[in-house]
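Please read the structure below before turning to the comments.
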Amino acid sequence: MAKSKTVYICQSCTYQSPRWMGQCPECSNWNTFVEEVISKTITTQTKSYSNASVKMIRLADVTYEESKRFSSGFAEFDRVLGGGFVAGQVILMAGEPGIGKSTILTQICRNLSDSKILYVCGEENPEQIKLRAERLGVNTNNLYMVTETDVDFIIAGVEQNPDTKLLIIDSMQTVTSNEFMGIAGSVGQVRGCIQKVAEVVKRLNIATIVIGHVTKEGTVAGPKVLEHLVDTVLYLEGDHNHLFRILKTMKNRFGPVSEIGLFEMGEGGLREVLNPSEMFLSERSKFSIGSCVSVVMEGFRPLMFEIQVLTTKTMFGYPMRKASGFNVNRLQLLIAVLEKKCKIDLSQQDVFVNVAGGFKVSEYGVDLAVCLAIVSSINNKAISSDLCAFGEVGLLGEVRKVSQMEKRISEAKKLGFKKIVTPNDYKNISDVVSELFPKNKA
Ligand code: TYD
Ligand code: MG
């Protein structure tokens, strides 16, 4: 006999509680509990499986077709996917509102104008999409808009069009089903709807992109549930003050993770950036005080950036440390190392660090460049513009090796850097500082 009861589920982390709570004990978010019905079938008889015949398949007998992959028309997008879309693949594309998710998908529709595409427009009406499509030069008779947001209607539409190559759902948070509890966008709804869609598109071999909103903490609403239900998770990131957009993979069942694709937002939508290092360094002025170029790895790709540092005398006794694009705690640590190991007094200096171009660097390979830019600013002496540096700086002042050094060095050489300061040549931060800034009594 079926017996139904309700539970309260946190919309942020899916913690379950029998009672409503104001704050989630798991993720500490407030007002995230929503009531959901769970039906449990209680069976009195337990079935024995000991004699059941279990279907097994030898790994050697499993076949797959590599030809099932197809290109999105963007080399950068294909790279992130591991070589293009796979038929039946379900991709979750997440990003902040206004970052360019609908734009890039409209452009993919333009690139795939020979294939049938279904576009579920839950967020915008077809007129708005038409306007954007015209601006982006979409010229196709194969693009169909679906204005329904009931998941069963969407699925019916897909079933009636099994020759669809690509299904786009913009966005998952607007799709609902009366089978599930909760309002549109709640964990229960989104999870249930994505499962239903995935079942159909996998059966019909239709590649699917589902757009997901990002919460203010930077995760897709109901992150854990969604990421498990899809094959690939992509994040489109960027700074609204800058034109760069970075497409990252967080999970990929059909290719490598940690690959990135770079785009630039412009008049005609997103444009691929094929030579990112050149672009990031293009606005650099030569012989500036407090500037040092570094090369970091993003996935398997070396990227060059300019690190800018400004040090000024502290006005109010307590020195400020501010960083944009770089971890401020890491900055505090590097300052402590410089003070102790290179005898540079920063106790009465405010230190501001900026990664030019609005890129966020999370890799320790930039440590050395940050240190050198700080020393350059405090000594009022520019570093040669054909010098670049990379390496992790440890607590003992040692310069540590980082991954894929050969690739970094060849990227720097390609861009014309003559002096490359690497962990191969220097073992200690004080050696580098005393060579580049001889006046500094390190
Ligand atoms: P959009 O793709 O609608 O964002 P999302 O779907 O992620 O919410 O992008 C909206 C922004 O992109 C908007 O601020 C305008 C800008 N934009 C351009 O700069 N150029 C263009 O050609 C297009 C289509 C949009
Ligand atoms: Mg949109």
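Test ILE117 against the criterion of being at pLDDT 90 or above, among the aliphatic types (A, V, I, L, M) and within 16 Å of ligand 1 (Cβ to nearest atom), and give yes or no.
Working: at pLDDT 90 or above: yes; among the aliphatic types (A, V, I, L, M): yes; within 16 Å of ligand 1 (Cβ to nearest atom): no.
Spelling it out, it is not the case that ILE117 is at pLDDT 90 or above, among the aliphatic types (A, V, I, L, M) and within 16 Å of ligand 1 (Cβ to nearest atom).
Are there any helices (runs of 4 or more DSSP H) wholly within region 48-163 with 2 or more residues that are within 14 Å of ligand 2 (Cβ to nearest atom) and surrounded by 14 or more Cβ atoms within 10 Å (Cβ to Cβ), and if so which? Before the answer, list the steps.
Working: elements: 75-81, 101-111, 126-135, 151-160.
Filter on region 48-163 gives 101-111, 126-135.
On the given criteria, is GLN160 more than 12 Å from ligand 1 (Cβ to nearest atom) and among the polar types (S, T, N, Q)? Walk me through how you get there before you give the answer.
Details: more than 12 Å from ligand 1 (Cβ to nearest atom): yes; among the polar types (S, T, N, Q): yes.
Taking the combined requirement at face value, the residue satisfies it.
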Return only the number of the condition from (1) in contact (Cβ under 8 Å) with a residue 60 or more places away in the chain; (2) farther than 18 Å from ILE99 by Cβ; (3) touching a strand residue (DSSP E or B) at 6+ places or on another chain (Cβ under 8 Å) that ARG245 does not satisfy. (2)
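In region 343-371, what residues are farther than 15 Å from MET320 by Cα and over 32 Å from the mean Cα position of the chain (by Cα)? So that I can check it myself, show each step before the final result.
Let us first name the residues in region 343-371 that are farther than 15 Å from MET320 by Cα, namely 343-344, 355-371.
Correct list: LYS343, ILE344.
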Identity of the residue in region 268-278, farther than 16 Å from ARG79 by Cβ and surrounded by fewer than 17 Cβ atoms within 10 Å (Cβ to Cβ), that ends up nearest to ligand 2 (Cβ to nearest atom): GLY268
Looking at region 14-32, which of the residues that are free of Cβ contacts under 8 Å to residues at least 40 places away in the same chain and within 21 Å of GLU227 (Cβ to Cβ) is surrounded by the most Cβ atoms within 10 Å (Cβ to Cβ)? THR32
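If you check ALA369 against the conditions, is it without any contact (Cβ under 8 Å) to a residue 60 or more places away in the chain and in a helix (DSSP H, G or I)? Steps first, answer last, please.
Details: without any contact (Cβ under 8 Å) to a residue 60 or more places away in the chain: no; in a helix (DSSP H, G or I): yes.
Answer is no for this residue.
Per-residue answers, yes or no, for (1) in a helix (DSSP H, G or I); (2) small (Gly, Ala, Ser); (3) under 24 Å from the mean Cα position of the chain (by Cα); (4) within 20 Å of SER258 (Cα to Cα):
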position: ALA373; (1), (2), (3), (4): yes, yes, no, no
position: ILE383; (1), (2), (3), (4): no, no, no, no
position: LYS413; (1), (2), (3), (4): yes, no, no, no
position: PRO423; (1), (2), (3), (4): no, no, no, no
position: SER434; (1), (2), (3), (4): yes, yes, no, no
Test result for ASN125, over 20 Å from MET93 (Cβ atoms) and touching a Phe, Trp or Tyr at 6+ places or on another chain (Cβ under 8 Å): no
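Answer yes if at least one residue in region 278-290 is under 21 Å from ILE104 (Cα atoms) and out of contact with any helix residue (DSSP H, G or I) (no Cβ under 8 Å at 6 or more places or on another chain), and no otherwise.
yes
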Pairs only if they're at least six apart or on different chains, beta carbon under 8 angstrom, first in region 170-185 and closer than 24 Å to ILE117 by Cβ and within 16 Å of ligand 2 (Cβ to nearest atom), second of a type in the set (Ser, Thr, Tyr) and at pLDDT 85 or above; list them, first residue then second. ASP170/SER102; ASP170/TYR119; THR174/THR149; VAL175/THR149; ALA184/THR149; ALA184/THR174; ALA184/THR176
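Please tell me if HIS240 is within 16 Å of ligand 2 (Cβ to nearest atom), part of a strand (DSSP E or B) and under 18 Å from the mean Cα position of the chain (by Cα). Give the derivation first.
On the way: within 16 Å of ligand 2 (Cβ to nearest atom): yes; part of a strand (DSSP E or B): no; under 18 Å from the mean Cα position of the chain (by Cα): yes.
Answer is no for this residue.
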Residue tally, condition under 27 Å from PHE300 (Cβ atoms), assigned to a loop (DSSP other than H, G, I, E, B) and over 29 Å from the mean Cα position of the chain (by Cα), over region 389-411: 0
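Quickly run through region 82-98 and pick out the residues that are within 14 Å of ligand 1 (Cβ to nearest atom) and either touching an Asp or Glu at 6+ places or on another chain (Cβ under 6 Å) or at pLDDT below 90 (or both).
Correct list: ALA94, GLY95, GLU96, PRO97, GLY98.
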In the set LYS418, LYS381, which member is within 23 Å of SER288 (Cβ to Cβ) and exposed (fewer than 14 other Cβ atoms within 10 Å of the Cβ)? LYS418
Within region 256-267, restricting attention to residues that are over 12 Å from the mean Cα position of the chain (by Cα) and at pLDDT 85 or above, which residue is surrounded by the fewest Cβ atoms within 10 Å (Cβ to Cβ)? GLU267
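The values are calculated or read from the model by the stated rules, or taken from the named source; none is laboratory data. Every value quoted in this text rests on a predicted model; they were computed, and no experiment measured them. Every residue, glycine among them, receives a Cβ derived from its backbone with ideal geometry; neighbour counts consider all protein chains shown.
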